[in-house]
Structures are given as structure tokens and as C-alpha cells.
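All of the numbers you see were taken from the coordinates with simple rules; none came from a lab. As the structure is a prediction and not an experimental result, all values here were calculated from the model. No Cβ is skipped: glycine too gets one built from the backbone with ideal geometry, and neighbour counts run over all protein chains shown.
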């Protein structure tokens, strides 16, 4: 039997901003009518959390829900709990238009932690990340360099990044280089 490993195999950097592999994460893309009470109910039964607002993320440890588009959520659970969660979703939404797919092995998750995480991401993403615009628990789908990614502030010193597994090394190396280069002084420290 082969060993299950994350794309980045526990890579990490050190410095004033640490970039590290978050390891295996269970992720389900769930598409459907987000105003449907049954959908909200089954997602809550799987995660214990209420649906996030538009562009939002609700999270409790590694369990969470990210709003990805008007008809799409990213449901995050323990890696080994994905089959059971998919079964619950399929039963609860039987006969209703929806799509639930295990994307755990198609994605990679990284955590950035340190005093200028906002600047590390801002140097790579063509979006406004000023504290007046980007707040904790607000997801952004954009690019890091040349690859698609989604990222959010967990708190003022922690960013979670999700990208395709196939570009995980590239994204990690970009983030590590940006962190190593240091702050550019655009944002106040700690924001």
C-alpha cells in the first residue's frame, strides 16, 4: 500500500514569515443552490458550522467552509472523513440539483505565519490587500504569480493558501522567495 502524502511533503521555511505545508486536508467542492435549507443543513451537520457570508470563510481548526462563488462552497473536513461527508451530502440532497466532489488530492494547502504575511501575498497577487479592504475570514480567489489560488487571513499574522496540487511547488517557492525578500513597508507591521 502506498503512503498518502501531501504535494509538498511537509516543506517549510523559517524567518520572520514562515511558509509551510499544511499537510493532507479533506476538501469537497459542493455546488448547488446556496439558499437551499437542506444544503445549509447538511453542510452544518458535516462541519458543525453555519454557511459563510459571500466571500467569507468560517473555520474551526482544519474544519471549515469557504464561499467560492454564488453556487459553490469548499467544504473542509479531516482528510479521512471525506467519504463519510460525501455520503451524507448525497443522501441529504438526493433528487436535488447539486454536485459534490472530493478534491482533496487535487489541491495543496499552505500556511503563512509571521509579522508581514499580508505583504508576502501582496507582492504576488494583483488584488488590493490593504487592511481596510482585506479582513480576516475573507477569501480571495486570484493569482499568485502565474497560478490560480485562493487565500484568506486566519488572523493578522496567518494566511491560508490553497492552490492546485500540480503547481504547489511553484506556489511554495514564490511565497518563500517573497517572504525571504522581506517587507516593502507598504502596510504597517502586524497588518
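Per 0.36 nm of contour for each residue apart, how much would the distance between residue 90 and residue 177 grow if the chain were fully extended, relative to their Cα-Cα spacing? Intermediate results must be reported in sequence, preceding the final value.
Details: separation 87, 0.36 × 87 = 31.32 nm, distance 4.23 nm.
Gain on extension, residue 90 to residue 177, equals 27.1 nm.
Sort 24, 124 so the one with the fewest other Cβ atoms within 10 Å of its own Cβ comes first. It would help to have the intermediate numbers written out before the result.
Numbers: 24 18, 124 22.
Ordered from fewest to most neighbouring Cβ atoms within 10 Å, 24, 124 come out as 24, 124.
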What list do you get for 45, 94 if you sort them by fewest beta carbons within 10 Å? 94, 45
Residue 53-residue 12 pseudo-label distance in nm [points 7 Å out on the Cα-to-Cβ vector]: 3.4
In what order do 184, 58 fall by count of nearby beta-carbon atoms within 10 Å, going from fewest to most? 184, 58
Quickly work out the residue 4-to-residue 156 label distance, labels modelled 7 Å from Cα along the C-beta direction, and quote it in nm with one decimal. 3.7
Whole percent per 10 Å bin, from 0 to the bin with the longest distance: what is P(r) over all C-alpha pairs of the chain? 9, 37, 34, 16, 4, 0
To test your reading of the geometry: what angle, between 0 and 90 degrees and rounded to tens, separates the Cα axis of helix 82-92 from the longest principal axis of the chain? 40
Over region 1-145, what is the mean sequence separation of C-alpha contacts under 8 Å (at least six apart), divided by residue count, expressed as relative contact order in percent? 30
Under the 7 Å Cα-to-Cβ spin-label approximation, residue 187 and residue 165 lie apart by a distance in nanometres of 3.0
Quick one: helix 37-47 against the long Cα principal axis of the chain, what's the angle to the nearest 10°, folded into 0 to 90? 60
Output the 0 to 90 degree angle, nearest 10, between the alpha-carbon long axis of helix 168-181 and the longest principal axis computed from the alpha carbons of the chain. 30
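How would region 78-191 be classified by its alpha-carbon gyration tensor: rounded, prolate or oblate, with rounded meaning a/c under 1.5 and the a/b versus b/c comparison settling the rest? Kindly include the intermediate steps, with their values, before the conclusion.
Details: a/c = 2.60, a/b = 2.02, b/c = 1.28.
Here region 78-191 falls in the prolate category.
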Could you give the radius of gyration (one decimal) and Dmax (whole number) of the Cα atoms in region 26-105, in Å? 11.0, 32
